[in-house]
1. For segment 26-63, what are the residues that are outside any strand (DSSP E or B) and in contact with a Ser or Thr (Cβ under 7 Å, 6 or more places away or on another chain)?
2. Condition first: open to solvent by less than 20 Å² (accessible area, probe 1.4 Å) and hydroxyl-bearing (S, T, Y). Now tell me which residues in segment 131-149 satisfy that.
3. Output the residues belonging to segment 68-80 that are of a type outside the set (A, V, I, L, M, F, W, C) and surrounded by fewer than 16 Cβ atoms within 10 Å (Cβ to Cβ).
4. How do the pairs read when you match residues in segment 54-67 that are under 14 Å from Y134 (Cα atoms) with residues anywhere that are among the β-branched types (V, I, T) and assigned to a strand (DSSP E or B), using Cβ under 7 Å and keeping only pairs 6 or more apart or on different chains?
5. What number of residues in segment 101-130 are assigned to a loop (DSSP other than H, G, I, E, B), surrounded by 15 or more Cβ atoms within 10 Å (Cβ to Cβ) and in contact (Cβ under 8 Å) with a residue 24 or more places away in the chain?
6. Just need a number here: residues in segment 89-100 that are open to solvent by 60 Å² or more (accessible area, probe 1.4 Å) and not in a loop (DSSP other than H, G, I, E, B).
7. Scan G58, G144, G105, G84 and give me the residue that is more than 17 Å from the chain's Cα centre (by Cα) and farther than 16 Å from R43 by Cβ.
8. Just checking, how many residues over segment 34-53 are in contact with a Pro (Cβ under 8 Å, 6 or more places away or on another chain) and open to solvent by less than 10 Å² (accessible area, probe 1.4 Å)?
Amino acid sequence: MRKYFSSFLLFLSFSQTLSSDSFTFNSLNNHGVIGLINMPTARFYDESSYGFTLYNGGPDQKITMTSFPYDWMEASFFYTNLKGKKLCRDNLLNQKFCEDAKDKGFNFKFRIKEEGVLPAIAIGINDIAGTGYYSSEYIVGSYGKNNIDLHFGIGWGTLNGSDYSFKN
């Protein structure tokens, strides 16, 4: 009986189809773009979709507003508080004032190819017009079949804000 039940659960998990570009199967990641934690994907929402994310984690706190003006383009604006990176200055009374550093910037992602027999492909650039703390570029591919969704890509820069990065 246990063998039949396990087989039934396995069959049930693979029987549902995956609608790859939908709100059901995609979410906005830590950077406010469609992806997984810090990794962007080649997925997009429908044209005229909007998203708003609040992230409180390490090494930052971030507010991101994301928009999909076209079904092939994702654009987002972020404002972040970089915890642990102190910015100190003197005020008008010559008193030293310190706070966490702040950053702002724009992210863009463009669809190169829609998913079909071959995976969807997108290119993206992060942190334009900011301090460059998250400055990065990437190429990513995504492919979904039934209940399995695969993402692969390559990126340059600081996709996660760490000290370990590749120079462009």
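1. Of everything in segment 26-63, those that are outside any strand (DSSP E or B) and in contact with a Ser or Thr (Cβ under 7 Å, 6 or more places away or on another chain) turn out to be H31, G32, V33, T41, A42, R43.
2. Answer for segment 131-149, where residues must be open to solvent by less than 20 Å² (accessible area, probe 1.4 Å) and hydroxyl-bearing (S, T, Y): Y134, S136, Y138, S142.
3. Within segment 68-80, P69, Y70, D71, Y79 meet the criteria.
4. Going by the 7 Å Cβ cut-off, the qualifying pairs are D60/T80; Q61/T80; K62/T80; T64/T53.
5. Result for segment 101-130: 3.
6. 5
7. Every option except G84 fails the conditions.
8. So the answer is 2.
The values are calculated or read from the model by the stated rules, or taken from the named source; none is laboratory data. Bear in mind that the values here come from a model prediction, so they are computed numbers and not experimental data. Here the Cβ is made from the backbone with ideal geometry for all residues, glycine too, and neighbour counts use every protein chain on show. Just the protein is used for accessible areas: all its heavy atoms, side chains included, with ligands, DNA and RNA removed. Shrake-Rupley method; radii C 1.70, N 1.55, O 1.52, S 1.80 Å.
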